[in-house]
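The values are calculated or read from the model by the stated rules, or taken from the named source; none is laboratory data. Everything numeric in this text was worked out from a predicted model, so none of it was measured. No Cβ is skipped: glycine too gets one built from the backbone with ideal geometry, and neighbour counts run over all protein chains shown.
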Amino acid sequence: MKEGVPVAVTGMGCLSAAGDDLSSSMESVFRGVRSPAPPRRFSSSHPLTYPVFEVADDLEGWGGGQDLSRTARLALKAAHEALTRSGWNKKDLASLRVGVCLGTTVGSSLNSEEFYRLYLRGENPDLSPITRFLRSNPAAVLAREFGLNGPCQTVVNACSSGTDALGIASRWIRAGLCDVVLAGGADELSHVTYNGFISLMITDEAPCRPFDRERKGLNLGEGAAIMVLEGEEWRKRRGKAAEAFILGYGASCDAYHLTAPHPEGRGLKQALLEALRLSRTAPEDLAFVNAHGTGTKDNDRAEALVLQDLLPGVPFLSTKGYTGHTLGAAGAVEAVFTAACLQAGRIPKSIGFLHPDPELPCSPVSQVMEVKGKAALSQSLAFGGQNSVIVIGKGETNP
C-alpha cells in the first residue's frame, strides 16, 4: 500500500436539492439559495410537518427501463455526469480494471412498506418490490450499467458511508487493485427514516441551523455524488488533468453511544489526525474544513471542540443547510463540494448560522469567503460512534 500517494479525481458528478448537477449545485450554494419543503413523495401522520430537501428530478429516465430504486437512479445520474467530465466511455473502460465503491444507508430497503404490511397480515403480496430491492444494490447497478468487472462494494456505515467509500476506493488505487474506480454515495428519502429521526427528537421543524445558538436538529435530504478515481499511469497516458486529489483518509469508532458522538470528539480527533498523517498534510496547508454540521446539539458541539483544539483558525462550514442530511450520500456530496470549492478558491456561507453559540469555542463562516491553501478536509460523524475524515487536494489545470 503506497500511503501518502495522491489519488487523482478526474471527474465528479453530484445531484441534490441544491442542484441537478455539480455546476448548478455550486451556483446555488454560492448564491445562498436553499429549498426545504414538506415531503412530496410520501405522507406522514405526524402532527408536525418537518421540511426535507428533495431532488427535483423524478429520475424516470434513468435505469434503461429497469425497475430500480430511486437510490440506484440517483447513483446512475451522478455517475454519468462524473464519467462525462472524466472523458471515459464504456468501450474504453471495458479493457481496464474498474471498481465500484458506493456508500448508502437505507438504500431502497425501507420504501416497500406496503409489501411488508400485506405480508405481515398473512396475505400474498406481489413480489415486485422484493425483485426491485434485489436488483437495486447501487454499486452493482453501476457495474452492470457500465460493464465493469473490478471490485464491487456497497458500504453501509450509517452517515459516514460516502466518506468511507471514497477512502476505501482510494486505497484500491494505491494498492494497484484497480486502474479506475467509481466511488461515492447515494441515498433516497424514506418515510421510515423521516419518522425515525423525528422519534429521536433531533429533527428541526424549521430549516436547519448548523452551529447556531438556536439549532434544534437536522433536516433530511437525498442525493448522490460520484468521483472518478484514477491511477497515475492511465491519467498521464490520457493527458487528463485532475479535478482534485484524495490525499488521505482516516476512520475510527469511539463506541461511546448508539446515536451520539463522544462529547469531546475523541473518535473524530483520532480520525482527523490519521487523515492528516497519511496525507502528509499540516494544519497550515488547509484552506478550510467542510464539517459534518448536522445542526444537532451534540454533533455540532463535539465538532466545534475538535476543530478549535486541532485546527484553530482554519475556516469551516456546513453545507447541509443547502442539501439537508443525505445520510449515506452525505460524505460523498460534501467531498465533491469540497473539491469544487478548492477549485473555485472560495467557500459559501454556512447557511442557517446567524447567532454564535456561547457554548461553542468557534463558529462557521457567515459569508462567502476567499480561501487559500492546497488542501481541505471533509468529515463525517455517524451513529454507532463512527468517524471518517478525508483530505482533498486542490486540482490542477495541466496533467
| If you take the residues in region 272-322 that are assigned to a helix (DSSP H, G or I) and of a type in the set (Gly, Ala, Ser), which one is surrounded by the fewest Cβ atoms within 10 Å (Cβ to Cβ)? | 304
| task | Please tell me if residue 173 is part of a helix (DSSP H, G or I), in contact (Cβ under 8 Å) with a residue 60 or more places away in the chain and either β-branched (Val, Ile, Thr) or within 28 Å of residue 93 (Cβ to Cβ) (or both). | result | yes
| message | So in region 1-23, with the set limited to residues that are at pLDDT 95 or above and of a type in the set (Gly, Ala, Ser), which one is surrounded by the most Cβ atoms within 10 Å (Cβ to Cβ)? | response | 16
| Test set (1) assigned to a helix (DSSP H, G or I); (2) aliphatic (A, V, I, L, M); (3) more than 30 Å from residue 149 (Cα to Cα) - residue 33 fails condition number | (1)
| message | Tell me whether region 341-349 contains one or more residues that are crowded, with 19+ Cβ neighbours inside 10 Å and not in a helix (DSSP H, G or I). | response | yes
| note | Residue hits (region 206-239; surrounded by fewer than 16 Cβ atoms within 10 Å (Cβ to Cβ), at pLDDT 95 or above and among the acidic types (Asp, Glu)) are 214
| Residues that are in contact with an Asp or Glu (Cβ under 9 Å, 6 or more places away or on another chain) and over 19 Å from residue 22 (Cβ atoms), drawn from region 43-70 | 48, 49, 50, 51, 52, 63, 64, 69, 70
| What tally of residues in region 1-42 results from selecting those that are in contact with an Asp or Glu (Cβ under 9 Å, 6 or more places away or on another chain) and among the basic types (Lys, Arg)? | 2
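Every residue, every condition in (1) of a type in the set (S, T, N, Q); (2) over 23 Å from residue 249 (Cβ atoms); (3) surrounded by fewer than 18 Cβ atoms within 10 Å (Cβ to Cβ), yes or no:
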position: 83; (1), (2), (3): no, no, no
position: 106; (1), (2), (3): no, yes, no
position: 114; (1), (2), (3): no, yes, yes
position: 118; (1), (2), (3): no, yes, yes
position: 149; (1), (2), (3): yes, yes, yes
